[in-house]
Amino acid sequence: MADAAGKGLEGVVAAQTQISDVDGRQGRLFYAGYDIADLAAHASFEETTYLLHHLELPTAAQLSDTVATLRAESTLDPLLVELIASLAERTGPMTTLRTAVSAAAAVDPDGGSDEANLRRAYRLIARTPQIIATYQRLRTGGDAIEPRDDLGVAANFLYALTGKQPDPQVARDFDVVLVLYADHTLNASTFAGRVAAATLADMYAAATAAVATLQGPLHGGAIEGVREMLEEIDAPDRAPDWVRDHLAAKRKVMGFGHRVYKTWDPRATVLSEIAERLGRHFGDTRWFETSVRIQETVMEAKHLYPNVDFYTASVYSALGLPPDLYTPLFAAARMAGWTAHIREQYADNRLIRPDSEYVGPDPRPWTPLEDRG
Ligand code: COA
């Protein structure tokens with residue numbers, strides 16, 4: 001597979017899934033048949049989590065059960081709090097999250113059945129935002145804040161971060177961000193999780209592989225790259241020249257381009273609305289306005305569309321979140337999709353083991369050490 005067409009496995013179908021589907025030409029994304037635009041308008045992250053795992057929308061009773069389970073599972077074991085405290089003094093949030101997800105296996109009470117893996121999945125989904133909030137509290141000298149019984153996953157994250165109950169519209173906007181990021185077919189991190197699951201490694205091992213793969217700037221790390229760009233540009237009017245110089249130097253503009261979408265990413269459309277609304281809510285639309293100017297210039301110069309990460313940087317900047325939490329928050333949402341894919345892989349498994357095309361030296365005789373030049 002060394003030919004240009006196969007590089008990066010573009011166009012290769014490596015799994016069947018019922019969980020999500022992308023139409024890159026039309027710019028549409030579906031979770032189990034439901035359009036992401038409908039989910040962003042109507043569904044909570046809890047409802048989306050149920051959908052990804054059960055492939056049906058929950059009834060009212062099933063939804064309240066899911067909400068209750070995610071609340072009950074969100075408290076962190078003391079082992080994890082101690083681990084996070086010690087890592088918070090030494091390293092960044094993505095390394096901490098990857099390590100904590102792996103370490104969570106040590107305090108998991110469950111067995112190996114699919115029912116146990118569903119419980120484990122909900123445990124991981126509920127705890128990931130709390131790992132991130134706890135990390136942020138501890139590294140800034142605060143105490144960990146226990147999640148509240150009366151708040152959903154999104155509001156509880158914002159509460160655990162600040163100790164203040166968030167404004168309901170702000171909490172809903174963040175909830176929608178989680179919905180939008182919850183799954184996206186066989187992206188790099190989901191593929192990594194499925195490859196690990198296909199060896200029958202346990203769910204924590206597979207989820208850890210997924211978190212690790214998300215970190216890079218070509219995947220989840222791009223959101224932070226967008227924020228760095230926004231800071232560097234600093235004012236909307238400076239954006240066109242900055243972008244043109246950047247492209248002339250043959251450098252990529254973070255938050256643009258996509259392997260699958262050849263038009264607007266439908267998530268970016270919703271996120272740009274949220275970025276504008278939150279900018280207005282907090283009285284600072286500079287991030288959003290700079291983003292719009294960047295987007296117009298990239299479109300004009302290169303005909304590239306913004307991807308999901310582009311406006312998310314403005315959303316998180318408006319929310320006042322530290323830039324190094326952006327990628328961990330991507331993981332918090334995607335944990336719903338990762339764990340659904342991992343369960344789907346277990347349910348119909350075959351070891352994933354592709355071929356490589358050898359392009360190294362021809363077979364040759366052994367050269368003794370003393371004869372090597
Ligand atoms: N800025 C400038 N040019 C870009 C670009 C970007 N963000 N994304 C793609 N291009 C250009 C490439 O330079 C290439 O041009 P060329 O044919 O003249 O060499 C062409 O578009 C195809 O790009 P390529 O990198 O081969 O596409 P890919 O499918 O391998 O990569 C991404 C997809 C997402 C990795 C790529 O678009 C990228 O690096 N984007 C920036 C990082 C990012 O936002 N990642 C988050 C993804 S959700």
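Here is a yes/no grid of residues against (1) under 23 Å from the mean Cα position of the chain (by Cα); (2) farther than 26 Å from Gly225 by Cα; (3) not hydroxyl-bearing (Ser, Thr, Tyr):
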{"site": "Glu300", "(1), (2), (3)": "no, no, yes"}
{"site": "Pro322", "(1), (2), (3)": "yes, no, yes"}
{"site": "Arg343", "(1), (2), (3)": "yes, yes, yes"}
{"site": "Asp348", "(1), (2), (3)": "no, yes, yes"}
{"site": "Leu351", "(1), (2), (3)": "no, yes, yes"}
{"site": "Glu357", "(1), (2), (3)": "no, yes, yes"}
{"site": "Pro361", "(1), (2), (3)": "no, yes, yes"}
Inside segment 149-165, can you point out the residues that are free of Cβ contacts under 8 Å to residues at least 12 places away in the same chain and closer than 22 Å to Thr49 by Cα? Asp150
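Is it true that some residue in segment 324-343 is more than 16 Å from the ligand (Cβ to nearest atom) and within 30 Å of Asp245 (Cα to Cα)? Steps first, answer last, please.
Just the residues of segment 324-343 that are more than 16 Å from the ligand (Cβ to nearest atom), to begin with: 324-325, 332, 335-336, 339-343.
Filter once more, so that each one left must be within 30 Å of Asp245 (Cα to Cα): 324-325.
Yes - at least one qualifying residue is present in segment 324-343.
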Within segment 3-34, work out how many residues are under 19 Å from the mean Cα position of the chain (by Cα) and of a type in the set (Asp, Glu). 1
Of the residues in segment 263-297, those that are part of a helix (DSSP H, G or I) and either surrounded by fewer than 17 Cβ atoms within 10 Å (Cβ to Cβ) or out of contact with any helix residue (DSSP H, G or I) (no Cβ under 6 Å at 6 or more places or on another chain) (or both) come to Thr269, Glu273, Arg277, Arg280, His281, Arg286, Val292, Gln295, Glu296
Answer yes or no: is there a residue in segment 308-330 that is assigned to a helix (DSSP H, G or I), without any contact (Cβ under 8 Å) to a residue 60 or more places away in the chain and among the acidic types (Asp, Glu). no
Scan segment 248-264 for residues that are at pLDDT 95 or above and more than 6 Å from the ligand (Cβ to nearest atom) and report the count. 4
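Which of the following residues is within 24 Å of Ala207 (Cα to Cα), assigned to a helix (DSSP H, G or I) and either among the small types (Gly, Ala, Ser) or at pLDDT 95 or above (or both): Thr17, Thr96? Steps first, please.
Numbers: Thr17 fails: assigned to a helix (DSSP H, G or I).
None of the others qualify; the one that does is Thr96.
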Pair list, Cβ < 8 Å and 6+ apart or interchain, from segment 237-261 residues that are within 29 Å of Leu29 (Cα to Cα) and charged (D, E, K, R) to residues that are at pLDDT below 95 and within 9 Å of the ligand (Cβ to nearest atom): Arg259/Gly8; Arg259/Glu10
Do we find a residue being within 16 Å of the ligand (Cβ to nearest atom), assigned to a strand (DSSP E or B) and in contact with a strand residue (DSSP E or B) (Cβ under 8 Å, 6 or more places away or on another chain) anywhere in segment 36-48? no
Filtering segment 148-182 for residues that are part of a loop (DSSP other than H, G, I, E, B) and in contact with a Lys or Arg (Cβ under 7 Å, 6 or more places away or on another chain) leaves a count of 2
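Among the residues of segment 53-109, count how many are acidic (Asp, Glu) and more than 17 Å from Tyr135 (Cβ to Cβ). So that I can check it myself, show each step before the final result.
Let us first name the residues in segment 53-109 that are acidic (Asp, Glu), namely 56, 65, 73, 77, 82, 89, 108.
Subsequent filtering for residues that are more than 17 Å from Tyr135 (Cβ to Cβ) retains 56, 65, 73, 108.
The total comes to 4.
Please find, among Leu161, Leu97, the residue that is crowded, with 16+ Cβ neighbours inside 10 Å and more than 21 Å from Gln215 (Cα to Cα). Please lay out each step first, then the result.
Details: Leu97 fails: more than 21 Å from Gln215 (Cα to Cα).
Testing whether each residue is crowded, with 16+ Cβ neighbours inside 10 Å and more than 21 Å from Gln215 (Cα to Cα) leaves just Leu161.
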Within segment 195-244, count every residue that is more than 12 Å from the ligand (Cβ to nearest atom) and not charged (D, E, K, R). 26
When only residues in segment 113-138 that are in contact (Cβ under 8 Å) with a residue 40 or more places away in the chain and over 19 Å from Thr69 (Cα atoms) count, which is surrounded by the fewest Cβ atoms within 10 Å (Cβ to Cβ)? Leu138
Being surrounded by fewer than 24 Cβ atoms within 10 Å (Cβ to Cβ) and either in contact with a strand residue (DSSP E or B) (Cβ under 9 Å, 6 or more places away or on another chain) or of a type in the set (Ser, Thr, Tyr) (or both) is the filter here, so list the residues in segment 313-365 that pass it. Tyr346, Ser356, Tyr358
With criteria (1) in contact with a Leu (Cβ under 7 Å, 6 or more places away or on another chain); (2) closer than 16 Å to Ser317 by Cα, Met229 comes up short on (1)
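The values are calculated or read from the model by the stated rules, or taken from the named source; none is laboratory data. Predicted model, so just to flag it, every value in this text is computed and none were measured. Quick reminder, even Gly has a Cβ in these numbers, built from the backbone with ideal geometry, and neighbours come from all protein chains shown.
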